[in-house]
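Below is one structure, written out as structure tokens, with a few remarks after it.
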Amino acid sequence: MESYREFPSEFEAPSEAADPQETSIAAIGTDERRMHVRAYNYWVSLLGGRDFPSIEDLEPADLADFAANSVLLDFTSGRENPSTPYVGAAIREECGLSQDVVTTADVPSRSLLSRLTDHYLQIIANRAPVGFEAEFENQRDETICYRGILMPFSSDGDTIDFIYGVMNWKKLGQAVAPIAAPTDPFADARADAEPAEAVEAPAIGPEITDTDPETDIDIELDEDSGLADRLWAARESAEAVTAAEGRSREALYRALSRAYDFALACRQEPDEYAELLEESGVKAQARAPMTPVVKLVFGINCEKARLTEYAAALSYADRQGIGAGGFLGFIEAQAGGLKALVAAERQARRPDPKPDTKSARARERLRAASPLAPEAIASDQEFALVLTRRTNTGQHEAIALVDDSSLVERAIRRVGG
């Protein structure tokens with residue numbers, strides 16, 4: 001059988017020239033940021049309740065947005081030097097790669113691709129997608145600003161033996177790398193996977209720290225950060241909550257805080273927010289506007305009861321006029337934390353009691369009723385319950401005999417008990 005390793009680039013589609021854009025470092029624009037969000041959403045859509053998607057589910061037809069900016073790493077032959085069965089056209093052109101590049105050891109050390117492959121051990125350790133962004137000088141001494149995400153795949157449902165990465169970049173003074181779509185670059189990758197030789201992920205401690213500023217995976221947000229960045233940051237915090245299996249209240253509150261800030265930012269960018277909802281398959285809800293937000297951040301497969309509580313907490317903070325960056329202090333100041341916010345929001349949503357019009361009409365009739373004559377109160381029962389009305393002089397006069405044995409019995413127990 002022919003192996004995909006023998007055809008690393010013949011499926012490439014020609015790329016198109018990109019229009020010039022700004023020359024600032026921040027010019028890896030919103031569309032390119034959303035490309036990584038779409039790639040992550042695609043990865044999530046393949047999970048199906050598993051820890052990792054199957055390599056067999058990687059469908060070329062679904063990769064049109066980012067295939068030319070992607071790379072597939074294959075660990076079935078060993079962890080130390082994974083093969084590169086597929087390198088997208090845009091990355092291959094930027095790095096000047098020849099057909100001889102078939103493993104990560106063949107990748108030029110100062111090329112853009114080397115920046116991506118530097119992170120693969122991190123994803124094996126974390127056993128979850130890893131995002132990163134930085135700048136560096138490439139082999140042509142050009143300053144490159146880049147952003148990437150690596151996502152794990154498995155051929156046996158447990159071992160990470162494939163990693164699919166998506167990357168975009170900008171040279172200072174030049175346009176963002178074009179995004180082109182190939183045909184079927186992974187056709188043989190699914191058939192040729194051999195989990196028996198797969199690489200076992202190393203054991204990890206409670207926290208992994210990356211001190212290299214060029215491999216820092218934290219996303220710094222400021223007032224100019226776009227929705228895609230804010231959503232990315234919130235999802236990273238939500239992933240930390242999932243990894244802790246909900247045991248870390250601090251991690252949960254941080255995730256909710258970022259989700260709240262994302263929700264506020266969505267109001268300023270309604271069109272972009274609508275695009276994110278559409279890309280994620282989430283519907284807007286006019287009566288529960290925070291529900292789509294928590295679905296985007298924590299995932300549509302998150303337990304419904306938790307999503308409802310998270311949305312209620314965000315809604316109550318919004319009801320109280322909490323501004324961006326203020327949610328964390330707000331929830332930490334509540335004696336009951338999350339539960340207190342949820343209870344307060346549910347109480348606030350309860351409609352005001354409707355006026356009892358039947359009782360009002362009955363009172364009006366009794367105010368106009370004639371007082372009872374003493375003989376009208378006569379009863380053959382040992383005890384009787386009489387309704388009185390206070391007059392203008394402050395005295396009470398009988399206006400009705402209550403003919404209800406249960407009420408009479410309750411009055412007896414109340415007065416004589």
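Rounded to the nearest 0.05, what FRET efficiency do R79 and E278 give with R0 = 41 Å and r taken as the Cβ-Cβ distance? Could you check? Walk me through the numbers on the way to the answer.
Numbers: r = 39 Å, r/R0 = 0.94.
The value I calculate is 0.60.
Give me D for the range 134-174 in µm² s⁻¹, whole number, from Stokes-Einstein with Rh from the Kirkwood sum over alpha-carbon pairs, 4 °C and 1.567 mPa s. Before the final figure, lay out the partial values.
Working: Rh = 12.2 Å.
It diffuses with D of about 106 µm²/s by this estimate.
To the nearest 0.05, what FRET efficiency results for E364 and D404 with a Förster distance of 25 Å applied to their C-beta separation? Provide the component values of the computation, followed by the final result.
Values: r = 21 Å, r/R0 = 0.85.
So the FRET efficiency works out to roughly 0.70.
Just round it to a whole percent: the fraction of Cα-Cα distances in the range 44-148 exceeding 21 Å. Write down the numbers at each step before the final one.
Details: 2153 of 5460 pairs.
Looking at the range 44-148, the distances longer than 21 Å represent 39 percent of pairs.
For the charge dipole of the range 248-290, defined by +1 on Lys and Arg C-beta atoms and -1 on Asp and Glu C-beta atoms about the Cα centroid, which residue among G281, A259, S248 has the Cα displaced farthest towards the positive pole?
It is S248, whose Cα lies furthest towards the positive end.
Which whole-percent values make up P(r) of the range 239-376 when all C-alpha to C-alpha distances are grouped in 5 Å steps starting at zero?
2, 9, 16, 18, 15, 10, 5, 3, 3, 4, 4, 4, 3, 2, 2, 1, 0
Any idea how far apart T308 and R50 come out in nm if each label point goes 7 Å out from Cα toward Cβ?
3.2
Report the full-extension gain for the segment E397 to T357: residue separation times 0.36 nm, less the Cα-Cα distance, to one decimal in nm.
Going from the current span to full extension adds 11.9 nm.
Every number here is computed from the coordinates shown, using simple stated rules; none is lab data. Everything numeric in this text was worked out from a predicted model, so none of it was measured. Cβ coordinates were reconstructed from backbone atoms using ideal geometry, including for glycine residues, and neighbour counts include every protein chain displayed.
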